[in-house]
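Inspection log for the structure reproduced underneath, given as structure tokens.
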Amino acid sequence: MSGKTLYDKLWDSHLVRENEEGTSLLYIDRQLIHEVTSPQAFEGMRLANRSLWRTEANVAVPDHNIPTKDRDKGIEDPFSKLQVDTLDENCDSFQIKEFKMSDPNQGIVHVIGPEQGLTLPGMTIVCGDSHTSTHGALGALAFGIGTSEVEHVLSTQCLIQQKSKNMLIKMNGELKQGITAKDLILFIIGKIGTAGGTGYAIEFGGDAIKALSMEGRMTVCNMTIEAGARAGLIAVDQTTLDYVNGKPFAPKGELWDQASEYWKTLQSDQDAVFDKTIEIDAGDINPMVTWGTSPEMVTDVDGMIPFTTNGKFQPALDYMGLAQGTAIKNIDLDKIFIGSCTNSRIEDLREAAKVVDGKKVSDSIKLAMVVPGSGPVKAQAEQEGLDKIFLDAGFEWREPGCSMCLAMNADRLESGERCASTSNRNFEGRQGQGGRTHLVSPAMAAAAAIKGHFVNVTTVGWEN
Amino acid sequence: MEKFQTFTGIVAPLDRANIDTDAIIPKQFLKSIHRTGFGPNLFDEWRYLDHGEPGQDCTNRPLNQNFVLNQDRYKNSSVLLTRENFGCGSSREHAPWALADYGFKAIISESFADIFYNNCFKNGILPITLSTEKIQHLIEKTESNIGFSLKVDLENQTLTDSFGNMTFFEIESFRKDALLNGLEEIGLTLSHAEEIKIFETSHLQKHPWLFRT
């Protein structure tokens, strides 16, 4: 018998029962909750007169609707306010732990989970949010669910699931100097397409993945959903353990020893068989920029928008106001957004600050903003003086939240505006109706802010 | 959930791949705390010429006449015909809520994104997967025959057009049963409550660090 993949191990250790009709009942260790996809789940529980299965499995935080400035004034938009108030009320009445808007540890749900040690290796983790795949970076089985399933987990601590197939994406070799996890995952999505991972759980392995920091691994797993796979996974190693150790809710003392011994087993067996394996030479990757309205429409910064003869890209190009054959470096920008659950962690802000340091945002840029992923990320950055670097350069330095990644709060693009964004989706209207999004790494977004157009930030003298 | 019944409905072709859930229901409408009322904002940015906001009366908004659902021939359609990777992106269940609220009961595509596909079954919508050739054929037929409709029979897994042409489709048996019987999944899972408790106790013993907050 062949060995097990990491996904197999996590699945098997949470399998409550196999149902007669070919589905499985899977136990969920942790549910993360935010204000957008939970109100109807709580309402459903009340209507059915059901109680919470295990209160302490749930942790909530408002993030999507949260203003990123003038917080003391509260939430201006009545609809946003009602949604955040509803989360507060639901958490209060069900006694669920919540990091409220005023809590210094509030932040984007996928940033604060790992940061607080509330998401741990070996867990099954769900959230009514597709970017729950982020937590797979810690060797956890984490995936996004709909609101009906949020209610299912609140009421039963389980989900009826069908097992996915196993895919391994092996990133061989080393990333070139200055190439980031964001470039790596955009490259993968460009290669396998936005439906390439549909039906699979994707494990990322190989030397280039092992060399990534936890922040980088979270960026990779975060965007696994953009390749169609609900779950991304990375094996536990010393980097993982070092990251988790000391986090507020991580086990301590003897419990730590016991947990970490178990976590070390969370990797695919040598003889594990994957349904699909893709090998990529990490050394081939350059800074990546999306040019269309799907994350798979991506090329490297030194490239150009590809030519097609069948008109396949025309709707996307019309929306983006771009033409085939345009050099990426000739694309001028209006706004810069550094933030989101993909790229708002301390390492992301350090990378961007390094590029910005001592320079000024181009006069042609209407707005350049940095939105840290959480209160602790913001505090850490301020302690390191990164806020000052950004502010001196002309960036705005905001309060934590999802912000312009999906523009549910006041931060958005106006119609026709073009943005270099460190977020995860360049869909039509995502950052504001008619807004045009180019997905890039924090360093690339920072360099674009300085120059007013895209440049290859890994090239010596890019600023000249 | 209501049981899925055989029905005959007008087919609307949305000839585009990778339609994401942001396009199906834009984010500003996700601010609702209810499950209903999303129909008027389905495909909002494609359907209307102005910018939509939650709570707005949509009856007098300027329509984009080029958008398929605004054309008279596709009024009252209940079958959506589209291209691969439909429903990609965000996990928002507001997408199937909006489709159902508008009146769609079945969506036919070459493929669906996982989370969206799953969400459809929780809301009585049947997602049907057909080959690229069959989708192409159906799109051509829909465009060349005003009022083109399909009879959707889940029990027998068939689609039949008004000319009597029949196509079979595949679906997993548990999903088929769930729709046909209108199964209430939470109740079903709670019927295994004892097993869940036994598992939970042993799981906690093996992993005692898990349940701290």
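What follows is calculated from the coordinates using simple rules that are stated; it is not laboratory data. Not measured: the values here are computed from a predicted model. FYI the Cβ positions are ideal-geometry reconstructions off the backbone, even for glycines, and counts take in every protein chain you see.
Miscellaneous remarks
- Only DSSP H runs of four or more residues enter the estimate; each adds -39500 (n - 2.57), and after division by the residues of chain A the mean residue ellipticity at 222 nm equals -8500 deg cm²/dmol.
- Convex hull volume per residue in cubic angstrom - Cα atoms of segment B:130-208: 156 Å³
- Cβ-Cβ FRET estimate between B:Ser144 and A:Glu18, R0 fixed at 56 Å, reported to 0.05: 0.70
- Rounded to 10°, Cα long-axis angle of helix A:78-94 versus longest principal axis of chain A: 20 degrees
- Point-charge dipole on Cβ atoms (K/R +1, D/E -1) for segment A:307-464, about Cα centre, debye to 20: 320 debye
- For segment B:1-66, the alpha carbon convex hull comes to 145 Å³ per residue, rounded to a whole number.
- As a rough guide to protection, the peptides A:305-312, A:147-154 ranked by mean Cβ packing within 10 Å, highest first, stand as A:147-154, A:305-312.
- Each pair of Cα atoms in segment A:8-118 enters the Kirkwood radius, and Stokes-Einstein at 20 °C and 1.002 mPa s then converts it into a translational diffusion coefficient of 136 µm²/s.
- Residues of type lysines that B:Lys31 reaches as a straight line, Cα spacing below 16 Å, ignoring anything fewer than 8 places off in the same chain: A:Lys81
- A protection proxy built from the mean count of other Cβ atoms within 10 Å ranks the segments B:70-83, A:50-63, most packed first, as A:50-63, B:70-83.
- For the peptide B:116-126, the mean number of other protein chain Cβ atoms found within 10 angstrom of a residue's Cβ is 3.
- Tensor-based shape of the protein assembly as shown (alpha-carbon gyration tensor, a/c under 1.5 rounded, otherwise prolate or oblate): rounded
- Ratio of Rg to Rh for segment A:308-358: 1.14 [Cα atoms; Kirkwood radius as inverse mean 1/r over pairs].
- Within 10 Å of the Cβ of each residue in A:150-159, the mean number of Cβ atoms contributed by other protein chains is 5.
- Rg over Rh [alpha-carbon atoms, Kirkwood Rh] for segment A:356-463: 0.95
- Segment B:7-182, relative contact order [Cα under 8 Å, separation at least 6], %: 25 percent
- Spherically averaged projected area of segment B:7-182 from its Cα convex hull (nm²): 9.6 nm²
- 10 Å Cβ neighbours from other chains, averaged over peptide A:29-41: 3
- Rounded to the nearest whole Hz, the Karplus-based 3J(HN,Hα) values (6.51 cos²θ - 1.76 cosθ + 1.60, θ = phi - 60°) of segment B:29-44 follow the sequence 7, 6, 6, 5, 9, 10, 8, 10, x, 8, x, x, 9, 4, 6, 3, with x at glycine and proline.
- 3J(HN,Hα) along segment A:29-34, derived from phi through the Karplus expression 6.51 cos²θ - 1.76 cosθ + 1.60 where θ = phi - 60°, amounts to 6, 9, 10, 9, 10, 10 Hz, with x in place of Gly and Pro.
- Segment A:307-373-segment B:92-163 distance, computed between alpha-carbon centres (Å): 36 Å
- Listed by chain and number, the aspartates and glutamates whose C-alpha is less than 14 Å from the C-alpha of A:Lys247, apart from same-chain residues fewer than 8 away, are A:Glu115.
- Out-of-range pairs (alpha-carbon distance over 28 Å; input A:Lys210/A:Lys276; A:Lys69/B:Lys27; A:Lys100/A:Lys210; A:Lys182/A:Lys378): A:Lys100/A:Lys210
- Euclidean distance between Cα centres, segment A:1-24 to segment A:183-229, Å: 23 Å
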